């Protein structure tokens, strides 16, 4: 049973560019959440998608946007990249939040 | 706003020692608390999930407890091994179905 799959694993972008990260949830899960983890910090909640709609959003600017597809997979888009966007981006999926979240291996984004 | 704190930030112990990692949270209105392990540069691996109605959960050498009234959870690791070296994160699930994480405890188990 495949867990959460994220792609790509690593990415280097230049300031001002745009990036798209992808996530396939664990089989049977319908909710996808995205987190940003800066070096030495705990993950910070970006937003959550359910039934193809953004259900919750953390304290992130509108440069961060997302999408969920009918097969429950999701994309995270970041526009006008800043050096401070360099981080590990984690995707988590769940069926019912109270049953716990499963995380992917993350995408390491470096902005130069 | 939920805030999660983990103490200590780093811990180094000799192999075989029993140890306790601490996690505290400010808002007791949580649905559950989840402990994760993170190896350097990797994603999160779920270790234990404690529902708000439960007091503890056990898996192998790991035992996690939850005291909602005091806003505390502990992760107990018995007979530590070098392979246990990693960062341990606790996360509280609150309103909006979002996890609030602590900054983690970096554990090193030495031979």
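Within region B:15-28, is even one residue farther than 28 Å from residue A:6 by Cα, free of Cβ contacts under 8 Å to residues at least 12 places away in the same chain and within 14 Å of chain A (Cβ to nearest Cβ)?
Taking region B:15-28 as the starting set, the residues that turn out to be farther than 28 Å from residue A:6 by Cα are B:15-28.
If we keep only those that are free of Cβ contacts under 8 Å to residues at least 12 places away in the same chain too, we end up with none.
Looking through region B:15-28, none of the residues is farther than 28 Å from residue A:6 by Cα, free of Cβ contacts under 8 Å to residues at least 12 places away in the same chain and within 14 Å of chain A (Cβ to nearest Cβ).
Tell me, which residue of region A:46-56 that is closer than 16 Å to residue A:78 by Cβ and more than 11 Å from chain B (Cβ to nearest Cβ) is surrounded by the most Cβ atoms within 10 Å (Cβ to Cβ)? Full working, then the answer.
Residues of region A:46-56 that are closer than 16 Å to residue A:78 by Cβ, as a first pass: A:46-47, A:49, A:54.
After this cut, where a residue has to be more than 11 Å from chain B (Cβ to nearest Cβ) as well, the list is A:49, A:54.
Details: A:49: 26, A:54: 13.
Among those residues, the one meeting the criterion is A:49.
Return the residues of region B:30-49 that are modelled with pLDDT under 95, more than 9 Å from every other protein chain (Cβ to nearest Cβ) and either on the phi > 0 side of the Ramachandran plot or surrounded by fewer than 21 Cβ atoms within 10 Å (Cβ to Cβ) (or both); say none if nothing qualifies.
Residue satisfying the conditions is B:40 alone.
Have a look at A:90, A:95, A:76, A:83 and point out the one that is modelled with pLDDT of 95 or more and within 14 Å of another protein chain (Cβ to nearest Cβ). I'd like the intermediate steps shown before the answer.
Working: A:95 fails: modelled with pLDDT of 95 or more; A:76 fails: within 14 Å of another protein chain (Cβ to nearest Cβ); A:83 fails: within 14 Å of another protein chain (Cβ to nearest Cβ).
Checking each option against the conditions leaves just A:90.
For the subset of region A:13-45 comprising residues that are touching a residue at least 40 places away in the same chain (Cβ under 8 Å), loosely packed, with under 14 Cβ neighbours inside 10 Å and within 13 Å of another protein chain (Cβ to nearest Cβ), which member is farthest from residue A:93 (Cα to Cα)?
Residue satisfying both the conditions and the ranking: A:39.
For the structure I just gave you, tell me whether residue B:74 is modelled with pLDDT of 95 or more, surrounded by fewer than 22 Cβ atoms within 10 Å (Cβ to Cβ) and under 13 Å from the mean Cα position of the chain (by Cα).
Values: modelled with pLDDT of 95 or more: yes; surrounded by fewer than 22 Cβ atoms within 10 Å (Cβ to Cβ): yes; under 13 Å from the mean Cα position of the chain (by Cα): yes.
Answer is yes for this residue.
Given (1) within 11 Å of chain A (Cβ to nearest Cβ); (2) in a loop (DSSP other than H, G, I, E, B), where does residue B:96 come up short, assuming only one miss?
It is condition (2) that residue B:96 fails.
Are any residues in region A:98-112 crowded, with 19+ Cβ neighbours inside 10 Å and more than 7 Å from every other protein chain (Cβ to nearest Cβ), and if so, which ones?
A:107, A:109, A:111
Which strands (runs of 3 or more DSSP E) does region B:1-93 wholly contain that include 2 or more residues that are closer than 15 Å to residue A:43 by Cα?
Working: elements: B:4-7, B:10-14, B:19-25, B:32-38, B:44-51, B:56-59, B:62-67, B:72-77, B:86-93.
So the answer is B:4-7, B:32-38, B:44-51, B:86-93.
The values are calculated or read from the model by the stated rules, or taken from the named source; none is laboratory data. Everything quoted here is computed from the prediction, not taken from an experiment. Backbone-built Cβ (ideal geometry, glycine too); neighbour counts: all protein chains shown.
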